[in-house]
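The values are calculated or read from the model by the stated rules, or taken from the named source; none is laboratory data. What you see is a predicted model, and the numbers here were worked out from it, not measured in a lab. Here the Cβ positions follow ideal geometry from the backbone for every residue, glycine too, while neighbour counts run over all protein chains shown.
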């Protein structure tokens with residue numbers, strides 16, 4: 001892939017960015033009640049960012065605390081599927097990753113969050129599904145990270161990967177000073193897919209056998225040509241090369257290779273990633289900080305284990321992040 005670069009838009013008052021918090025004259029002008037109230041909470045401003053790649057432009061948001069001198073910066077990497085920079089998609093809006101960026105700013109940490117290729121404002125950077133590989137996403141993360149590392153405003157690079165973004169972050173840590181896994185899987189995706197589909201297809205022996213055989217073939221780098229029509233979404237020809245490329249990576253192996261401080265954060269009411277995944281990551285990197293947050297679900301908010309009530313939080317943008325997670329962010 002061709003080298004990538006950040007295009008940081010020059011700020012123009014009230015046009016290209018918005019200022020939040022410490023500029024008192026703006027506070028009185030706009031009268032916003034959303035500004036941080038406590039003395040130890042920092043204001044921030046946000047800038048649109050673009051990253052040029054060989055197949056198109058990626059779009060992101062840089063959130064910067066209003067501070068003098070240098071300070072840390074975090075690269076926030078979203079999870080799988082059509083999840084955008086804010087943690088949302090067409091079916092749900094919870095603003096979890098936007099809230100994460102704003103909470104980091106309140107703790108004195110800048111951040112970039114971005115739409116992955118094919119998603120949101122970065123949709124045109126995806127040429128075709130059949131040509132997409134897992135490494136495309138990890139190389140994009142590396143490019144964002146390299147530019148942040150080279151920015152003189154920042155004195156420490158933190159990579160924060162959420163869900164699938166945890167594995168992508170592990171692969172992009174060459175220049176990172178700290179790695180944070182938020183609800184990251186601890187097992188290869190082929191193992192997780194078999195487990196999830198076994199639960200969904202309980203009692204359907206023919207389909208279960210086809211799932212097991214098909215995923216096993218993909219794991220070996222072989223294409224599946226005779227999958228049942230009911231499994232087309234999983235084994236459609238255009239997605240199989242991507243799945244093969246993804247299955248090459250074991251998160252536990254990748255995290256064991258890191259030589260930087262690691263923080264592993266997992267919630268007890270996460271319906272998508274299990275506590276045992278976080279335990280596997282911690283076992284593979286015994287010096288890591290392992291933080292289990294009681295009652296936190298996959299989108300980093302408090303929720304019960306009841307599936308219906310848990311899923312309700314995925315579409316509640318007013319629900320704040322789990323307070324314990326916010327405390328952890330202040331220790332990075």
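Residue 238 - would you say it is exposed (fewer than 13 other Cβ atoms within 10 Å of the Cβ) and assigned to a loop (DSSP other than H, G, I, E, B)? So residue 238 passes the test. Mind checking whether some residue in the range 256-268 is out of contact with any helix residue (DSSP H, G or I) (no Cβ under 8 Å at 6 or more places or on another chain), modelled with pLDDT under 95 and within 23 Å of residue 134 (Cβ to Cβ)? No - not one qualifying residue is present in the range 256-268. Within the span defined as the range 60-75, every residue fails to be in contact with a helix residue (DSSP H, G or I) (Cβ under 7 Å, 6 or more places away or on another chain), surrounded by fewer than 22 Cβ atoms within 10 Å (Cβ to Cβ) and assigned to a loop (DSSP other than H, G, I, E, B). Of the residues in the range 133-142, not one is assigned to a loop (DSSP other than H, G, I, E, B), in contact with a helix residue (DSSP H, G or I) (Cβ under 7 Å, 6 or more places away or on another chain) and crowded, with 22+ Cβ neighbours inside 10 Å.
Just to be sure, is residue 259 outside any loop (DSSP other than H, G, I, E, B), over 20 Å from residue 79 (Cβ atoms) and without any contact (Cβ under 8 Å) to a residue 40 or more places away in the chain? When the stated conditions are applied, residue 259 does not pass them. Across the range 293-330, what is the total count of residues that are out of contact with any helix residue (DSSP H, G or I) (no Cβ under 7 Å at 6 or more places or on another chain), more than 19 Å from residue 103 (Cβ to Cβ) and without any contact (Cβ under 8 Å) to a residue 60 or more places away in the chain? Count: 8. Looking across the range 290-322, the residues that are over 19 Å from the mean Cα position of the chain (by Cα) and surrounded by fewer than 15 Cβ atoms within 10 Å (Cβ to Cβ) come down to 294, 295, 304, 305, 306, 307, 308, 309, 312, 318. Of the candidates 221, 214, the single residue that is free of Cβ contacts under 8 Å to residues at least 40 places away in the same chain, at positive phi and not assigned by TED's automatic domain parsing to the domain that holds residue 51 is 221. Give the residues of the range 76-98 that are touching a helix residue (DSSP H, G or I) at 6+ places or on another chain (Cβ under 7 Å) and part of a loop (DSSP other than H, G, I, E, B), sorted by residue number. Those that are touching a helix residue (DSSP H, G or I) at 6+ places or on another chain (Cβ under 7 Å) and part of a loop (DSSP other than H, G, I, E, B): 78, 79, 80, 84, 85, 86, 87, 93, 94.
What residue, of 193, 231, is closer than 19 Å to residue 133 by Cα and not in a loop (DSSP other than H, G, I, E, B)?
The match here is 193.
Scanning the range 262-280 for residues that are part of a loop (DSSP other than H, G, I, E, B) and either outside the structural domain of residue 170 (by TED's automatic domain parsing) or surrounded by fewer than 19 Cβ atoms within 10 Å (Cβ to Cβ) (or both) gives 268, 271, 272, 274.
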